[in-house]
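One structure is given below, encoded as structure tokens.
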Amino acid sequence: AIHWQFIALAACTHLTKMLARSRAWRNILAAALPESSVRWRTVLGAYAAGVGVNALIPARSGDLLKLFLVKRGIPGAAYPTLVATLLVETLFDIVVSSALFVWALTLGVFPGPDALRFLPQIDWLWLFQHPRAGLAVSAGALVLGFAAGLWASARIRAFRTRVASGFAILR
């Protein structure tokens, strides 16, 4: 009982969304990398490959493929800049999904607070219930964080510049 016209309509809608999103990402990349030639064909191919991988492998691993393919297609591009351009694209998603969430809240379609007791619980108090292990984990995280901060301090300025260029379209 499959209505093929609805499947075809859904496939066409998905393809149209991919074309529009890849074009938007291309424009974001062109604003972030004004000295480079950003071809839509390169971005569309990377975007389509990333969507395919995201459909098969969890945890947004397709985004890594998108970044890798776009970096190969745009000479002189840096990964921090490319990641920032994906974040700019995600900002649009956040705004639209937040608006839909608020709309759903006003309709009252979410379950009430009484449904919270049926959700699985996470034991956040484990570190406090085991003070020695909690102290060791906290101290280790603090030492590692401090060492990482010292190691990264020399690279932070260049990294900021590359990330800021990824957000150039917002200016």
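The values are calculated or read from the model by the stated rules, or taken from the named source; none is laboratory data. Values in this document were obtained by computation on a predicted structure and should not be read as measured data. Glycine also receives a Cβ, built like all others from the backbone with ideal geometry; neighbour counts cover every protein chain displayed. These accessible areas exclude ligands, DNA and RNA; they are computed on the full protein's heavy atoms, side chains included. Shrake-Rupley method; radii C 1.70, N 1.55, O 1.52, S 1.80 Å.
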Is there a residue in segment 56-75 that is touching an Asp or Glu at 6+ places or on another chain (Cβ under 8 Å) and in contact (Cβ under 8 Å) with a residue 12 or more places away in the chain? no
Restricting attention to segment 56-66, which residues are within 11 Å of the chain's Cα centre (by Cα) and surrounded by fewer than 11 Cβ atoms within 10 Å (Cβ to Cβ)? Ala59
Kindly list, by first and then second residue, each pair from a residue in segment 89-106 that is modelled with pLDDT under 95 to a residue that is assigned to a helix (DSSP H, G or I), limited to pairs with Cβ atoms under 9 Å and residues at least 6 apart or on different chains. Glu89/Arg21; Glu89/Ala24; Glu89/Trp25; Glu89/Ile28; Leu91/Leu170; Phe92/Ala24
With respect to Leu69, determine if the residue is part of a helix (DSSP H, G or I), surrounded by 10 or more Cβ atoms within 10 Å (Cβ to Cβ) and not β-branched (Val, Ile, Thr). yes
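Does any residue of segment 2-9 turn out to be free of Cβ contacts under 8 Å to residues at least 24 places away in the same chain, open to solvent by 30 Å² or more (accessible area, probe 1.4 Å), within 21 Å of Leu91 (Cα to Cα) and part of a helix (DSSP H, G or I)?
Of all residues in segment 2-9, those free of Cβ contacts under 8 Å to residues at least 24 places away in the same chain come to 2-9.
Cutting the leftovers down to open to solvent by 30 Å² or more (accessible area, probe 1.4 Å) gives us 2-9.
Restricting the remaining residues to those that are within 21 Å of Leu91 (Cα to Cα) gives none.
No, segment 2-9 contains no residue that is free of Cβ contacts under 8 Å to residues at least 24 places away in the same chain, open to solvent by 30 Å² or more (accessible area, probe 1.4 Å), within 21 Å of Leu91 (Cα to Cα) and part of a helix (DSSP H, G or I).
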Of the listed residues (Arg21, Arg26), the one being open to solvent by 50 Å² or more (accessible area, probe 1.4 Å), without any contact (Cβ under 8 Å) to a residue 24 or more places away in the chain, within 17 Å of the chain's Cα centre (by Cα) and closer than 23 Å to Leu170 by Cα is Arg26
